[in-house]
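Novice: Could you have a look at this structure, given as structure tokens, before my questions?
Here, each number is a calculation from the coordinates, and none is a lab measurement. Since this is a predicted model, take the numbers as computed values, not measurements. Note that we place each Cβ from the backbone using ideal geometry, even for glycine, and neighbour counts take in every protein chain shown.
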Amino acid sequence: MTGHYGSSTIQRWDTTVSEYLESHREEYYQRLKAISAEEDWNGWLAFFLRAVATQAVQNSTRVTAIQALYEEMKLAIQMATHSQYTVHILDAIFSKPIFRSSDLAQQLFKEFGVHEKTTPGLLRQMRDAGILRELRPGSGRRPATLCFPRLINLAEGRDVI
């Protein structure tokens, strides 16, 4: 598989047991109180192991979905831009799904030799195709801030953008 979608994105967006604990907050506090009041370590351990197992399954599902999105976007970006830089752009937005257009242009130039004047057109084509969303338009010397909502929402496990 071309590209390196895995390490930085998944590490950055890795969801720990805290998501489970947050969604089961009442039981979490009850289990902690039971340790102090009744020395119920078995209840706490069972709860915590259930949290770890549940979160592991959810994270595995997210990773699989992120991998599928990466493969889907290779085709979608190629269709939208007809660019030889598809995988480079894809890797860049997977490593940082919220970015300033100028930062991405600099990164692509530095890492892959993509001319900085090429990037704005590619980003516009991706935005027009619905792949990217503009969070803040550029104005004067201030670059636009863009995001890749599908990746962000997948990594978060809910719609945030």
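Conditions tested, residue by residue: (1) surrounded by 15 or more Cβ atoms within 10 Å (Cβ to Cβ); (2) touching a Cys at 6+ places or on another chain (Cβ under 8 Å); (3) in contact (Cβ under 8 Å) with a residue 24 or more places away in the chain.
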{"site": "I93", "(1), (2), (3)": "yes, no, yes"}
{"site": "P97", "(1), (2), (3)": "yes, yes, yes"}
{"site": "A105", "(1), (2), (3)": "yes, no, no"}
{"site": "F112", "(1), (2), (3)": "no, no, yes"}
{"site": "G130", "(1), (2), (3)": "no, no, no"}
{"site": "G140", "(1), (2), (3)": "no, no, no"}
{"site": "L146", "(1), (2), (3)": "yes, no, yes"}
{"site": "L154", "(1), (2), (3)": "yes, no, yes"}
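Novice: Can you say whether M73 is of a type in the set (A, V, I, L, M), out of contact with any strand residue (DSSP E or B) (no Cβ under 8 Å at 6 or more places or on another chain), surrounded by 19 or more Cβ atoms within 10 Å (Cβ to Cβ) and in contact (Cβ under 8 Å) with a residue 24 or more places away in the chain, as far as the supplied structure shows?
Specialist: Taking the combined requirement at face value, the residue satisfies it.
Novice: Next question. Just the residues that are surrounded by 17 or more Cβ atoms within 10 Å (Cβ to Cβ) and under 16 Å from L151 (Cβ atoms), please, taken from the range 114-128.
Specialist: The answer is L123, M126.
Novice: Among the residues of the range 64-117, write down those that are over 15 Å from L132 (Cα atoms) and of a type in the set (F, W, Y).
Specialist: Passing the criteria: Y85, F109, F112.
Novice: Right, next: Would you say L146 is over 30 Å from L21 (Cβ atoms), of a type in the set (A, V, I, L, M, F, W, C) and outside any helix (DSSP H, G or I)? Break it down into steps so the answer makes sense when it comes.
Specialist: Working: over 30 Å from L21 (Cβ atoms): yes; of a type in the set (A, V, I, L, M, F, W, C): yes; outside any helix (DSSP H, G or I): yes.
Yes.
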